[in-house]
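For reference, the structure discussed in these notes is given below.
The values are calculated or read from the model by the stated rules, or taken from the named source; none is laboratory data. Note that the coordinates shown come from a computational prediction; the quantities given were computed from them, not determined experimentally. Neighbour counts are summed over all protein chains in view; Cβ atoms, including those assigned to glycine, are modelled from backbone coordinates with ideal geometry. Areas reflect the complete protein model, heavy atoms only, side chains present, ligands, DNA and RNA absent. Shrake-Rupley method; radii C 1.70, N 1.55, O 1.52, S 1.80 Å.
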Amino acid sequence: MSVVPESRTGGPELAQERRLLTEVPGPRSRELHARRTASVAGGVSSVLPVYVAAAGGGVLVDVDGNSLIDLASGIAVTSVGNAAPEVVSRVQDQVAAFTHTCFMVAPYEGYVEVCEQLVELTPGGHAKKAALFNSGAEAVENAVKVARVHTGRDAVVVVDHAYHGRTNLTMAMTAKNMPYKQGFGPFANEVYRAPMSYPFRDGLTGAEAAARTIDVIDKQVGAGNVACFVIEPVLGEGGFIVPAPGYLPALAEYAAAHGIVFVADEIQSGMCRTGAWFASEHEGVVPDLVTVAKGVAGGLPLAGVVGRAEMMDAVHAGGLGGTYGGNPVGCAAALGAIATMRELDLNARAREIEALLVGRLRDLAAANPVIGEVRGRGAMIAIEVVQPGTTIPDAAMAARLSAGCHQAGVLTLTCGTYGNVLRFLPPLVAPDHLLHEAMDVLAQVGAATL
Ligand code: PLZ
């Protein structure tokens, strides 16, 4: 059963089915890929080079007419579905009215309304303010700017397995070298890395893992030097790692006690993805600042920093901004996406998806010892692939499973520091039958691969 009515799963004309007319990728995709190779920089890659013609609900339709089940949502972006009706109509109205003035030059209502909504939706009833940007990395950069001005301190503490972006500061904050950092240094300084809670690998309780993290901050950085502690409440690129219960609250408490700004990077985990507006809520954590991007605008580039009014307002007038930050079209898309999330209760839907996927994956794990763990929250679910009976990562096996799914018309992604995590993050409007079919395919691929 889905809380989302059938009529709202995707563009009305787009059949919600897996359909393979050719091999994957098909001949037209291969043709486009050859063309791309001649003009698109080799440093930009694609997980599955099928070229997309249309998308909606839980499917992507490629230029060969194949319809693939989408378990990626463009990396947790199209939570309301691709071309979601409320997003499309508001964007169409906005582009026809005006496309850009620059909020720093001549403002408009949409920006204000998005900030109002984010202030309302982020955790905590305290006074909050928001500022809008273009990308997740830019939001993280600006959260650090705010924290530094507010505290007058320099140091930024992040954790193992963290992912925060590809700009210079956020590369420094991101843990994994390949492909994100290799050759791109020197990196920004005053970024320190502390151990993360990773229950599958460290076996620690939240309190024990927090004590280990805090010890590194105390001994190697000095609490009084730390402007902010930045963490994803559920780690995304790092492997869909859910910290042990109590870890995040202990860190938030430590930060508050030492005047450290606690920043929740909710770029991947926020906006209904985990079954709550923000993943911090699962543990009752109220961050000082929250970064938002991806799902907030249904596929248009928009990001934000939301947080305590006194922190946000610590920055001098003109200190925050950018030509396109909070572009009116992105704001219109965000208002459409948020309206859809409310109307369809996509938090409830994400929890339904969790129950469906976790149930299916646990059954699979019982029969397949390469699945070391099934974990995640809401529609942010993953399996960690290991050598049977151990916790030794098996990235090659994860890659084979993912490739097998692709061949069969199911778009999956891998992630994790060790590249051995297969993750499932469907659009929240994807219908149950597609999710079941995707799990059937994974089971068949597993049976054929193992
Ligand atoms: N913080 C938690 O997940 C983006 C990156 C894909 P941008 N994650 C997907 C890739 O390989 O580039 C992300 C995130 C978290 C920050 C970011 C950065 O967001 O919008 O990609 O800049």
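Among the residues of region 160-192, which ones are open to solvent by less than 70 Å² (accessible area, probe 1.4 Å), touching a Ser or Thr at 6+ places or on another chain (Cβ under 8 Å) and farther than 14 Å from residue 416 by Cα?
Correct list: 165, 181.
What tally of residues in region 241-275 results from selecting those that are in a loop (DSSP other than H, G, I, E, B) and within 16 Å of the ligand (Cβ to nearest atom)? Steps first, please.
The first filter runs over region 241-275 and keeps only residues in a loop (DSSP other than H, G, I, E, B), leaving 242-246, 258-260, 266-275.
Add one more test, that the residue is within 16 Å of the ligand (Cβ to nearest atom), and what stays is 242-243, 266-274.
Selection size over region 241-275: 11.
Within region 279-294, can you find the residues that are more than 12 Å from the ligand (Cβ to nearest atom) and either crowded, with 24+ Cβ neighbours inside 10 Å or part of a loop (DSSP other than H, G, I, E, B) (or both)? So that I can check it myself, show each step before the final result.
Let us first name the residues in region 279-294 that are more than 12 Å from the ligand (Cβ to nearest atom), namely 280-289.
The answer is 280, 284, 285, 286, 287, 288, 289.
Hey, any hits in region 120-129 for a residue that's within 16 Å of the ligand (Cβ to nearest atom) and either open to solvent by less than 50 Å² (accessible area, probe 1.4 Å) or touching a residue at least 40 places away in the same chain (Cβ under 8 Å) (or both)?
To start, the set of residues in region 120-129 that are within 16 Å of the ligand (Cβ to nearest atom) comprises 122.
When the remaining residues are screened for being either open to solvent by less than 50 Å² (accessible area, probe 1.4 Å) or touching a residue at least 40 places away in the same chain (Cβ under 8 Å) (or both), the result is 122.
Looking through region 120-129, at least one residue is within 16 Å of the ligand (Cβ to nearest atom) and either open to solvent by less than 50 Å² (accessible area, probe 1.4 Å) or touching a residue at least 40 places away in the same chain (Cβ under 8 Å) (or both).
Criterion first (at pLDDT 95 or above, open to solvent by 70 Å² or more (accessible area, probe 1.4 Å) and in contact with a Pro (Cβ under 8 Å, 6 or more places away or on another chain)) does residue 212 satisfy it? I'd like the intermediate steps shown before the answer.
Numbers: at pLDDT 95 or above: yes; open to solvent by 70 Å² or more (accessible area, probe 1.4 Å): yes; in contact with a Pro (Cβ under 8 Å, 6 or more places away or on another chain): yes.
In short, yes.
Check residue 90 against each of (1) over 24 Å from residue 408 (Cβ atoms); (2) touching a helix residue (DSSP H, G or I) at 6+ places or on another chain (Cβ under 7 Å); (3) outside any helix (DSSP H, G or I) and name the one condition it does not meet.
Of everything listed in (1) over 24 Å from residue 408 (Cβ atoms); (2) touching a helix residue (DSSP H, G or I) at 6+ places or on another chain (Cβ under 7 Å); (3) outside any helix (DSSP H, G or I), residue 90 misses just condition (3).
Of all residues in region 130-147, how many are away from the ligand (no atom under 15 Å from the Cβ) and either touching a Pro at 6+ places or on another chain (Cβ under 7 Å) or within 20 Å of residue 163 (Cα to Cα) (or both)?
Within region 130-147, the first condition is being away from the ligand (no atom under 15 Å from the Cβ), and the residues that meet it are 130-131, 145-147.
Keeping just the survivors that are either touching a Pro at 6+ places or on another chain (Cβ under 7 Å) or within 20 Å of residue 163 (Cα to Cα) (or both) gives 145-147.
Of the residues in that region, 3 qualify.
Regarding residue 233, is this residue surrounded by 24 or more Cβ atoms within 10 Å (Cβ to Cβ) and out of contact with any Asp or Glu (no Cβ under 7 Å at 6 or more places or on another chain)?
Working: surrounded by 24 or more Cβ atoms within 10 Å (Cβ to Cβ): yes; out of contact with any Asp or Glu (no Cβ under 7 Å at 6 or more places or on another chain): no.
In short, no.
Would you be able to say whether some residue in region 332-355 is small (Gly, Ala, Ser), without any contact (Cβ under 8 Å) to a residue 60 or more places away in the chain and either open to solvent by 10 Å² or more (accessible area, probe 1.4 Å) or assigned to a helix (DSSP H, G or I) (or both)?
Yes, there is a match, as at least one residue in region 332-355 is small (Gly, Ala, Ser), without any contact (Cβ under 8 Å) to a residue 60 or more places away in the chain and either open to solvent by 10 Å² or more (accessible area, probe 1.4 Å) or assigned to a helix (DSSP H, G or I) (or both).
Residues of region 56-77 being outside any strand (DSSP E or B) and open to solvent by less than 10 Å² (accessible area, probe 1.4 Å), which ones? Lay out the reasoning, then the answer.
Going residue by residue through region 56-77, those that are outside any strand (DSSP E or B) are 57-58, 63-66, 71-77.
Of everything in region 56-77, those that are outside any strand (DSSP E or B) and open to solvent by less than 10 Å² (accessible area, probe 1.4 Å) turn out to be 57, 58, 66, 71, 72, 73, 76.
Just need a number here: residues in region 130-150 that are over 17 Å from the mean Cα position of the chain (by Cα) and surrounded by fewer than 20 Cβ atoms within 10 Å (Cβ to Cβ).
Qualifying residue count, region 130-150: 3.
From the list 406, 433, which residue is open to solvent by 50 Å² or more (accessible area, probe 1.4 Å) and either touching a Cys at 6+ places or on another chain (Cβ under 7 Å) or not charged (D, E, K, R) (or both)?
On the way: 406 fails: open to solvent by 50 Å² or more (accessible area, probe 1.4 Å).
It is 433.
Identify the single condition in (1) within 16 Å of the ligand (Cβ to nearest atom); (2) over 19 Å from residue 240 (Cα atoms) that residue 329 does not satisfy, given that it satisfies every other one.
The number of the failed condition is (1).
Does residue 311 satisfy the condition of being away from the ligand (no atom under 13 Å from the Cβ) and at pLDDT 95 or above?
yes
Check every one of the helices (runs of 4 or more DSSP H) wholly within region 156-240 and list those with 2 or more residues that are within 11 Å of the ligand (Cβ to nearest atom) and under 20 Å from residue 262 (Cα atoms).
Numbers: elements: 168-173, 199-202, 206-216.
Of the helices (runs of 4 or more DSSP H) lying wholly inside region 156-240, those with at least 2 residues that are within 11 Å of the ligand (Cβ to nearest atom) and under 20 Å from residue 262 (Cα atoms) span 168-173.
Evaluate region 397-420: report whether one residue or more is at pLDDT below 95, out of contact with any strand residue (DSSP E or B) (no Cβ under 8 Å at 6 or more places or on another chain), of a type in the set (S, T, N, Q) and under 30 Å from residue 203 (Cα atoms). Don't jump to the end; show me each part of the working.
Pass one, region 397-420, residues at pLDDT below 95: none.
So far as region 397-420 goes, no, none of its residues is at pLDDT below 95, out of contact with any strand residue (DSSP E or B) (no Cβ under 8 Å at 6 or more places or on another chain), of a type in the set (S, T, N, Q) and under 30 Å from residue 203 (Cα atoms).
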